[in-house]
1. Can you find, within the stretch 72-86, the residue that is nearest to the ligand (Cβ to nearest atom) among those that are among the hydrophobic types (A, V, I, L, M, F, W, C) and open to solvent by 20 Å² or more (accessible area, probe 1.4 Å)?
2. Could you say which residue among Asp89, Asp69 is of a type outside the set (S, T, N, Q), more than 9 Å from the ligand (Cβ to nearest atom), out of contact with any strand residue (DSSP E or B) (no Cβ under 6 Å at 6 or more places or on another chain) and assigned by TED's automatic domain parsing to the domain that holds Asp213?
3. Scan the stretch 240-249 and tell me whether some residue there is open to solvent by 40 Å² or more (accessible area, probe 1.4 Å), touching a strand residue (DSSP E or B) at 6+ places or on another chain (Cβ under 7 Å) and within 16 Å of the ligand (Cβ to nearest atom).
4. Can you tell me how many residues in the stretch 264-303 are in contact with a strand residue (DSSP E or B) (Cβ under 9 Å, 6 or more places away or on another chain), open to solvent by 30 Å² or more (accessible area, probe 1.4 Å) and within 12 Å of the ligand (Cβ to nearest atom)?
5. Can you tell me which residue is most open to solvent (accessible area, probe 1.4 Å) among those in the stretch 53-64 that are more than 22 Å from Met84 (Cβ to Cβ) and either out of contact with any helix residue (DSSP H, G or I) (no Cβ under 7 Å at 6 or more places or on another chain) or part of a loop (DSSP other than H, G, I, E, B) (or both)?
6. Can you find even one residue in the stretch 26-33 that is in the same structural domain as Val298 (by TED's automatic domain parsing), more than 22 Å from Arg274 (Cβ to Cβ) and among the basic types (Lys, Arg)?
7. Kindly indicate the residue of the stretch 3-54 that is among the basic types (Lys, Arg) and within 16 Å of the ligand (Cβ to nearest atom) and also farthest from Gly306 (Cα to Cα) among those meeting that condition.
8. Among residues belonging to the stretch 178-229 that are among the aromatic types (Phe, Trp, Tyr) and under 16 Å from Phe56 (Cα atoms), point out the one that is nearest to the ligand (Cβ to nearest atom).
Amino acid sequence: MKHTEVAIIGAGVTGLAAASRLSPRNYRIFEKSRGPGGRLASKRMDAVRADIGAQFFTVRDHRFQVAVDSAVAAGFVTQWQPNMGTFRDHQPIASPDHQARFVGHPYMNSLGRFLSQDIEIQAESRVQTIEPDGDLFRLILTSQETLTADCVLVTAPVDQMVAMLQHFDVEQLGSRFAMDPTWTTVLSVEEPLRGSAGESFDALFGGDHPLFDFIAVENSKPGRQSNFIVVHATPEWSTQHLESDPAEISELIREALSETFQVTTKAKLSHRWRYARPTNPKFTAQKGIYQVSPNLWVAGDYLAGGRVEGAYLSGLEAAERILAR
Ligand code: NAI
């Protein structure tokens, strides 16, 4: 049976940050989808892409700043300075601020591509179960491949982590750090999104709106030329419509957007993120990581406040523990 010193599950920001601190000889990183980046996702439509996961990120910690600075210097990340709005009494209003915000260039997944440059990922490899095996761990993939590892880091979203680690005591962790879904719809819109005073918006936070959580005008982000608008629905609305058909979601969001902004819109697709963000981002684990048993760690944005930055720092912390073991 194959053996690796460290097995990392997930090539999202957390897994990539952890791998970046380890020697490539010592780890293997498994990713269920086709490529790296996780929820820094973009989808190709009509020969152009739209960001369907995280819409932007902010930087507060110097360790993440260092990574972002290098990504900016290499052309994978750039600043985004949107005309911000929000919703008050369900109506769009201007809400300017001075927060520095960043986006991947030319799409969000570029940060994932940047972080994975020196990392060899075993893609389309879904780890089904992790079992104790003496002092080691045995990983069983859905492909039936099995391997052993001295040390394991699970960076999958909390529900998938719990399913993978059913041989360990993680139930409580799973209920404390629950995650909420997000329905995302991409629409094409020819006219600008304007408020009642005629001001145009590049992006809007949801404010008190029951459906809209975030709206982004794609071509306000550097490098995008499409006429796409991306809408994230609130956790409450997304939970309520969790099992709805994507076509039905598209129509509900299209109607709400065209009514709110008096624009003609066409829905392109709706995507359900079943595990999008922590239900309560104020619940955090110390340093954004959790040790399940000796040499078994879990990490991810859901333990670290829910931001892209939280995901990154959680991965760095996990790598430090792995190196110090
Ligand atoms: P940030 O620091 O720009 O904003 C933090 C929060 O402050 C926002 O959620 C918003 O409610 C409020 N805010 C900031 N500027 C505002 C303005 N000009 N007008 C009105 N409200 C304003 O962003 P941060 O914390 O780095 O988070 C990134 C974004 O990603 C957040 O909006 C967060 O909710 C969102 N997110 C979405 C997820 C999803 O699945 N839909 C998952 C995780 C995060």
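1. Val72
2. Details: Asp69 fails: assigned by TED's automatic domain parsing to the domain that holds Asp213.
After applying the criteria, what remains is Asp89.
3. Within the stretch 240-249, none of the residues are open to solvent by 40 Å² or more (accessible area, probe 1.4 Å), touching a strand residue (DSSP E or B) at 6+ places or on another chain (Cβ under 7 Å) and within 16 Å of the ligand (Cβ to nearest atom).
4. Summing the residues that are in contact with a strand residue (DSSP E or B) (Cβ under 9 Å, 6 or more places away or on another chain), open to solvent by 30 Å² or more (accessible area, probe 1.4 Å) and within 12 Å of the ligand (Cβ to nearest atom) in the stretch 264-303 gives 7.
5. His62
6. yes
7. Of all residues in the stretch 3-54, those among the basic types (Lys, Arg) come to 21, 25, 28, 32, 34, 39, 43-44, 49.
Next, from what is left, pick out any that are within 16 Å of the ligand (Cβ to nearest atom): 39, 43.
Details: Arg39: 11, Lys43: 22 Å.
Among them, the one singled out is Lys43.
8. Phe205
The values are calculated or read from the model by the stated rules, or taken from the named source; none is laboratory data. What you see is a predicted model, and the numbers here were worked out from it, not measured in a lab. Every residue, glycine as well, gets a Cβ built from its backbone with ideal geometry; the counts of neighbours run over all protein chains shown. Quick note on the areas: whole protein, heavy atoms, side chains included, nothing else; ligands and nucleic acids left out. Shrake-Rupley method; radii C 1.70, N 1.55, O 1.52, S 1.80 Å.
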